[in-house]
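So the structure is just underneath, and the comments pick up after that.
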Amino acid sequence: MVTRVFVEVGDTPSSGDRLISVNGQVVLAQVGGEPLFRELRLGDTGRDVAQLNAFLARTDFDTNARSETFSSETEAAVRSLQGKIGVPRDGIFRIDYVAYVPADMVGVTRVLVSVGAAVTSGESIVRGSSPLVSVSIAPSESSQTLAPLDDLPRELLVGATAVPVAGTELDASEVRAFESALRDSGLPLEPSDDPQVSVARGLYLRAASPVTSATVPGSALLVGHDLACLVLADGDALDVVPLEEAPRASTEIGQVLVESEFVGADVVSDASALADDVKAQCE
């Protein structure tokens, strides 16, 4: 019976990491190589013994990682392993000490057991994802569009990490960067209707260098004694808005840069032609 679950969705287990405990005995991850399939003891030889020695070495137990012989050194390492997982230290390796994890698994997508569940040797404990082959970016809702970002440098926000991307189809280096950021974020890959496709949600595609200013004709500004103002037009209504910063010089003759909040706003093209009572609001 499963008495504790250590592994969580989003984890990428390393050799020696605790996955679960069964009847109080800890089960460790054996990452890569070939699955261990038989009980091993002093004097045994073979490729599976080499796999055991490699596993013990990766788990920081002192043994010859390439040896195909279960030596006294291997036996001592197994005794140390047994002490770590809470079983009698008799130096005999048993297959229920470990659970095999493929080397190319980049993250746990589902934990298949829970506390109190019965589990048998050979039963799957977790389900994981393989390395990503390609990544496509699409809006979360069919009514949305990414077109406004087409001509801008972009970045994909994955958790707290911004991954620069050139388009909605990531190249190989972008896929690796995205994969690393996804693993660090702990965000899961969810299954889809296509068994070859997984979906990551809660990501944001944004401009890498967002607009921080707007361009308006120089004639749209009212300049008072101590400040400058824009006059916004909403039909026949006018709104005189003080600028937070003094207008900045533009490389385009007759234009100035103002705060980005005015992007998309309608401005009066010739503020000097307004009535005196409107212009007085900028004094």
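Every number here is computed from the coordinates shown, using simple stated rules; none is lab data. The shown structure was predicted, so the numbers you read here are calculated from the model rather than taken from an experiment. Methodologically, a virtual Cβ is constructed for each residue, glycine included, from the backbone with ideal geometry; neighbour enumeration extends over all protein chains shown.
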Checklist entry - What is the extension gain from T168 to R41, computed as 0.36 nm multiplied by their sequence separation minus the C-alpha to C-alpha distance, in nm to one decimal? => result 40.3 nm
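Below 8 Å between Cα atoms, with a sequence gap of 6+, how large is the relative contact order for segment 28-159 in percent?
Computed over segment 28-159, the figure is 21 percent.
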Checklist entry - When the chain is modelled as a GNM with alpha-carbon springs shorter than 10 Å, which of Q144, Q25, Q82 fluctuates the most? => result Q144
Checklist outcome for this item: Per the charge dipole of the chain (beta-carbon charges, Lys/Arg positive, Asp/Glu negative, Cα centre), the residue among L152, I137, L274 reaching farthest to the positive end is I137
Checklist outcome for this item: Largest fluctuation, F55, F178, F262 only, Gaussian network model of the chain with Cα springs under 10 angstrom, belongs to F262
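In percent, how large is the relative contact order of the chain, given Cα pairs closer than 8 Å and 6 or more residues apart? Walk me through the intermediate numbers first.
Values: 522 pairs, mean separation 37.8, N = 283.
Worked out over the chain, it gives 13 percent.
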Checklist entry - Which one of V27, V106, V241 has the biggest mean-square fluctuation once the chain is modelled by GNM with Cα springs under 10 Å? => result V241
Checklist entry - 222 nm [θ] for the chain, helices only, -39500 (n - 2.57) per DSSP H run of 4+, per residue, to 500? => result -4500 deg cm²/dmol
Checklist entry - Which option, (i) 23.6; (ii) 14.2; (iii) 25.2, is the value of mean projected area of the Cα convex hull in nm² that was calculated from these coordinates? => result (i)
Next on the checklist: Quick check: from the Cα gyration tensor, does segment 1-135 come out rounded (a/c under 1.5), prolate or oblate?
Outcome noted: oblate
Next on the checklist: Quick query: amide H of V135 versus all other amide H atoms, modeled in the peptide plane; which residues come in under 5 Å with a sequence gap of 5 or more or a different chain?
Outcome noted: L170
Checklist entry - Taking +1 at the Cβ of each Lys and Arg and -1 at the Cβ of each Asp and Glu, which of A54, T3, F70 sits farthest along the dipole of segment 1-96 towards its positive end, judged by Cα position relative to the Cα centre? => result T3
